[in-house]
1. I want to verify a result. In a Gaussian network model of the chain, Cα cutoff 10 Å, which of these has the top mean-square fluctuation: Gly259, Gly182, Gly319?
2. Taking only Cα atoms and a 10 Å spring cutoff, compute GNM fluctuations for the chain and point out the largest among Gly237, Gly144, Gly200.
3. Provide the gained length on full extension for the span Trp21 to Asn137, in nm with one decimal, where the gain is 0.36 nm per separating residue minus the Cα-Cα distance.
4. If R0 is 22 Å, what FRET efficiency do you get for Asn53 and Glu127 from their C-beta distance, rounded to 0.05?
5. If I stretch the segment between Lys80 and Lys317 completely, what's the gain in nm (0.36 nm per residue apart, minus their alpha carbon distance), one decimal?
6. With a 10 Å cut-off between alpha carbons and a GNM built on the chain, which of Asn23, Asn170, Asn178 moves the most?
7. Using the charge dipole of the chain (Lys, Arg: +1 at Cβ; Asp, Glu: -1 at Cβ; taken about the Cα centre), state which of Ile323, Ser168, Val143 has its Cα farthest towards the positive end.
8. Taking the 0 to 90 degree range and rounding to the nearest ten, how far is the long axis of helix 228-241 tilted relative to the main principal axis of the chain, both from C-alpha atoms?
Amino acid sequence: LLDLRDERIVDRIWEKDFTVWGNKPDEITNRLGWLVSPETTRNFLDEIYSFVNEVKEEGFTDALLMGMGGSSLAPEVFSKMFGTKKDYLNLHILDSTHPEAVLEYSKNLNPLKTLYIVSTKSGGTVETISFMKYFYNLSLKKVGKEKVGNHFVAITDPGSGLESMASSLNFRKIFLNNPDIGGRYSALSFFGTVPAALIGADLNQLIERASQIAEACEISGDGISKNTAALLGVILGVLANEGRDKVTFFASEKLSYFGAWVEQLIAESTGKISKGILPVDLEPVQSVENYANDRAFIFFKLKNDSSFENQIDELKKTGHPVIELELNDIYDLGKEFF
């Protein structure tokens, strides 16, 4: 932690100093837009809400989000954890090219009442564009040439292939994301917040919580230990270097879906240059003697949830490192994503 302070790591991250990570700026300086994503998204909340009200008034009952990995995991977490508020759209996620997965949605969703969200940063992801073509042609037959574009929405980067495709096919809305945000860092950008708004999540609250923690994440200097994100990063990094590089997640039932999102974030972001941290999600809780000394444990829980108390105590007694992250309610997810 003192090294982090003395080397001004936190300040340098906010200054987008690529030398924190490597010798070249490639895919670093143009990937740090997530640092300001809560504030950026706040500027578009009215636009997002206006769009949601429009589709509700037009009688849409379902939304099918088509995307792979980073584009679909955060929306799935929102959908599973928040559920659908009365009179909002049921959100379905298609992120598998398995024919049965595709057929399930083509059979069970009524194109007349379904909004199709094509979600890809690059705008050229083969799987996502294939989904789009399939469902566009399916809808074309049902709703006709004049109305089909009204059923489609694109979320992508400016200048992408999808932007021009969506424009020529007359999509009802194109959300152009900050291009400096990588796919798996996009939870608090249009990629996560537009689908969340469609199911009735309170974006004002979600973004407010994210903004609070973003501010706290700027703390550096002698107060560095109050920067909880920096502290968490130091703990995980030091433990990994000591051989405890299997981060094992246990979560309150209501929060269990968060693991799928954080799993790809940690695995893909640290699994570089021959070193990394292996996230372990959805593993049943074992007896303490079943764990080797290569584990770090994170208990991700809602306030007043005591469901893992005994296991936490046992792990602590035997010297395993345990991190507890407590959320006041599910809107604290905004903080955890950041």
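We did not get these values from a lab; they are worked out from the coordinates using the rules stated. All figures in this text were calculated on a predicted structure; none of them were measured in a lab. Neighbour counts run over all protein chains shown; Cβ positions are idealised from the backbone, glycine included.
1. It is Gly319.
2. Of Gly237, Gly144, Gly200, the most mobile in the Gaussian network model is Gly144.
3. 37.3 nm
4. On the way: r = 31 Å, r/R0 = 1.41.
With R0 = 22 Å, the Cβ-Cβ based efficiency is 0.10.
5. Full extension from Lys80 to Lys317 adds 81.9 nm.
6. Asn23
7. Projecting each Cα onto the dipole axis, the largest value belongs to Val143.
8. Taking Cα atoms only, the helix is inclined about 70 degrees.
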